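One structure is given below, encoded as structure tokens.
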């Protein structure tokens with residue numbers, strides 16, 4: 001932190017969409033009239049505050065400095081006709097997304113066309129990749145059905161025993177590899193350091209592949225489903241299988257053990273017997289499960305159920321063996337070993353859940369769906385589609401629902417409603433996922449039957465002639481292994497190729513949102529616009545961040561969020577995010593590092609338009625502490641992404657930080673859809689700054705600013721001060737700097753919760769206690785301003801409130817302001833600052849110190865006197 005004596009000052013404008021930007025406009029005009037605007041060293045903006053901040057910064061640069069802008073911001077100043085009027089421009093574009101309203105407006109239909117086009121292009125990447133992943137249960141099913149006698153022609157029958165032996169050997173080798181790596185990774189045995197990805201890749205992966213191979217082998221041994229009872233004629237088969245399973249499991253374990261400890265076999269005398277007993281139990285339980293599957297369950301079910309429940313049963317048998325191993329080796333293994341095995345068991349169970357769910361949706365759900373009548377099927381599909389739309393739209397208001405969690409007492413009912421809405425959102429998301437994946441499985445059926453492959457080799461061919469795509473069991477049982485592999489490879493290749501061509505940043509809501517913000521806010525001060533007469537957009541409205549070096553004070557810092565939904569820091573599990581700032585000098589954060597704004601993010605570097613767009617990316621699949629796995633998946637599918645994927649400013653992004661986006665969308669889409677964003681990959685996902693801290697205060701305290709004005713224009717009708725509390729909490733945790741309101745500034749019973757004194761004042765003053773961190777430093781002051789109606793506002797503002805009771809805390813989802821709404825917010829803010837400055841003479845008591853002293857010793861004291869008089873009157 002800066003320890004210089006000269007007090008740095010900052011103006012912070014919060015998030016809140018166009019509502020926050022419009023309210024901030026009135027405050028900025030009031031500050032300009034008092035000559036204070038040009039005295040700020042920093043301008044820190046978040047989300048909607050960035051709209052107004054970008055507008056002011058662009059105007060300041062083009063006009064030649066804040067001193068040229070300040071006089072024109074005064075409400076009584078007339079702008080010459082030959083000059084742009086940035087304030088009037090904001091009124092023209094208060095509906096910045098679609099300036100011309102109406103059902104038949106080209107602006108409205110341009111939005112619809114853009115959203116539809118971009119969603120379709122993203123589906124060309126995402127849907128084939130999902131279809132590829134969902135081909136695995138079909139592949140295992142097609143391999144299992146090779147046990148059916150009619151699937152073998154003469155040349156295949158001759159290979160049957162050889163293929164079975166080869167599959168058994170491959171399964172044993174895979175199991176041995178998994179056990180070998182488990183022995184290597186166990187902290188008290190192998191003592192080799194490893195990551196979670198190492199465990200998944202080299203330990204769990206081979207064991208799962210071995211399990212799938214074993215289940216296929218069991219299907220081949222049994223030789224068919226209940227339509228072939230002759231397979232049960234061999235009464236010795238179960239016992240032979242028991243011996244084979246036990247022998248094979250123990251052999252794989254011994255090979256792994258002797259390979260891991262070739263020279264130290266006897267150094268751990270109880271490890272090998274314990275491992276042997278555990279593997280023997282695994283063989284017994286696996287043989288029992290195999291017998292149950294083939295001799296009991298298959299009498300009442302068919303292959304899809306066999307493939308759905310088979311691998312989970314085998315893996316649960318292995319989990320039972322691991323439990324026995326822990327008990328038999330308790331003297332050798334330490335607590336850390338047992339924790340490691342518990343974590344390994346957790347991943348095993350997680351795969352069981354994923355396999356059961358995905359296989360049921362791919363192999364079983366379509367059959368159940370097609371048994372419904374046409375009306376029920378239509379209703380099922382409509383429910384899924386409606387659930388998806390509700391979830392995608394609900395993602396835009398996810399933060400608002402989260403706010404309800406903090407409500408207590410009088411607002412408990414509202415908090416309960418918010419929780420119910422969140423639950424409904426999750427249920428809607430689940431319904432959509434079930435319907436979508438079931439529909440994708442049926443679409444795969446249609447492709448298989450429409451493009452069936454004709455070949456003489458049964459392994460590659462299929463027997464789909466004359467089978468309708470809706471007959472799901474027949475399609476599954478008559479699709480050859482080769483056909484499955486060809487289609488799976490086709491899905492993967494098609495999705496990969498499309499991902500190379502389709503830029504994930506350009507073909508999302510981000511680009512559409514960005515162009516409209518630039519037109520409405522950065523284009524306001526453009527002295528020579530080159531407007532395309534057809535589209536209404538202008539190429540030279542935008543500015544590069546590096547060009548702002550010459551703009552003078554205040555220095556603009558745009559706050560965004562780097563998402564860490566899969567981050568490793570346990571203390572940040574609620575945050576799921578860290579700050580990421582963009583300025584004229586650099587982009588990044590203090591933990592990862594910074595990169596030059598002149599080069600970061602593409603040719604020419606980061607632009608002001610891109611920065612304020614990312615900062616305002618409220619709706620994103622990953623939204624910091626608002627993130628939800630199911631909602632994230634659906635928002636990815638619907639392409640509801642206002643944020644951007646850019647290069648990591650840290651060491652892992654040394655080859656990517658200059659890129660304007662990922663070269664391929666595959667990795668980014670997968671990480672986004674399944675909540676795997678982090679700060680260790682070459683590309684990071686940036687979204688709304690409010691997903692970390694919504695006031696812009698965090699970065700200003702980090703820079704050591706001693707005079708800070710915060711304009712909190714977020715929707716907070718319950719006056720819970722959620723964003724303010726969040727900022728104070730993170731600053732105290734991360735920087736060890738408490739921010740406190742003295743009792744005289746916050747009188748009343750609810751002083752600690754409500755620094756605004758139960759809606760009786762428009763601002764409050766706090767102390768930034770830098771001295772607690774360093775006694776040599778001076779404390780700072782924070783002036784906190786919030787939209788407040790006290791009854792003495794101008795008549796037109798009071799009238800608007802009477803007609804719109806939610807004013808001045810209307811929903812952030814309302815981004816289409818009309819003229820009266822815009823003027824009411826602007827005028828309320830202007831009136832707020834005018835009332836705070838009443839009686840202050842800048843010429844006699846100039847500067848921020850004089851302004852702060854006046855607010856403290858006059859405005860706030862007058863409020864306290866009025867409150868005391870009211871109390872005495874009672």
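The values are calculated or read from the model by the stated rules, or taken from the named source; none is laboratory data. Computed from a predicted structure; not experimentally measured. We place every Cβ from the backbone using ideal geometry, glycine too, and count neighbours over all the protein chains shown.
General remarks:
- Residue in region 822-840 that is within 32 Å of the chain's Cα centre (by Cα) and outside any strand (DSSP E or B) present: yes
- Candidates 631, 737, 666, 684, filtered to the one that is more than 30 Å from residue 774 (Cβ to Cβ) and surrounded by fewer than 24 Cβ atoms within 10 Å (Cβ to Cβ): 666
- Flag for residue 167 being in contact with a helix residue (DSSP H, G or I) (Cβ under 6 Å, 6 or more places away or on another chain), crowded, with 18+ Cβ neighbours inside 10 Å, part of a helix (DSSP H, G or I) and at pLDDT 80 or above: no
- Residue check, residue 836 within 22 Å of residue 708 (Cβ to Cβ) and at pLDDT 80 or above: yes
- Qualifying residue in region 463-470 (condition: part of a loop (DSSP other than H, G, I, E, B), crowded, with 18+ Cβ neighbours inside 10 Å and at pLDDT 85 or above): no
- Of the criteria (1) modelled with pLDDT of 85 or more; (2) surrounded by fewer than 20 Cβ atoms within 10 Å (Cβ to Cβ); (3) under 26 Å from residue 283 (Cβ atoms), which one residue 162 fails: (1)
- Set 609, 605, 616: member being within 30 Å of residue 428 (Cα to Cα), touching a helix residue (DSSP H, G or I) at 6+ places or on another chain (Cβ under 6 Å) and modelled with pLDDT of 90 or more: 616
- Qualifying position, being surrounded by fewer than 16 Cβ atoms within 10 Å (Cβ to Cβ), in a helix (DSSP H, G or I) and modelled with pLDDT of 70 or more, among 281, 292, 251, 275: 251
- Listed by position, the strands (runs of 3 or more DSSP E) enclosed by region 549-663 that each have at least 1 residues that are without any contact (Cβ under 8 Å) to a residue 60 or more places away in the chain are 577-582, 586-589, 593-596, 644-647.
- Summed over region 95-121, residues that are in a loop (DSSP other than H, G, I, E, B) and either touching a residue at least 24 places away in the same chain (Cβ under 8 Å) or touching a helix residue (DSSP H, G or I) at 6+ places or on another chain (Cβ under 8 Å) (or both) total 8.
- Annotation: of all residues in region 789-809 being in contact with a helix residue (DSSP H, G or I) (Cβ under 7 Å, 6 or more places away or on another chain) and buried (at least 18 other Cβ atoms within 10 Å of the Cβ), the one that is nearest to residue 849 (Cα to Cα) is 793.
- Unique residue being farther than 18 Å from residue 725 by Cβ and assigned to a strand (DSSP E or B) when the list is 686, 669, 676: 686
Here's the yes/no breakdown for (1) at pLDDT 95 or above; (2) surrounded by fewer than 24 Cβ atoms within 10 Å (Cβ to Cβ):
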{"position": "11", "(1), (2)": "yes, no"}
{"position": "16", "(1), (2)": "no, no"}
{"position": "24", "(1), (2)": "yes, no"}
{"position": "35", "(1), (2)": "no, yes"}
{"position": "38", "(1), (2)": "no, yes"}
{"position": "44", "(1), (2)": "yes, no"}
{"position": "48", "(1), (2)": "no, no"}
{"position": "51", "(1), (2)": "yes, no"}
{"position": "56", "(1), (2)": "yes, no"}
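- Unmet criterion (only one of (1) assigned by TED's automatic domain parsing to the domain that holds residue 184; (2) surrounded by fewer than 19 Cβ atoms within 10 Å (Cβ to Cβ)) for residue 386: (1)
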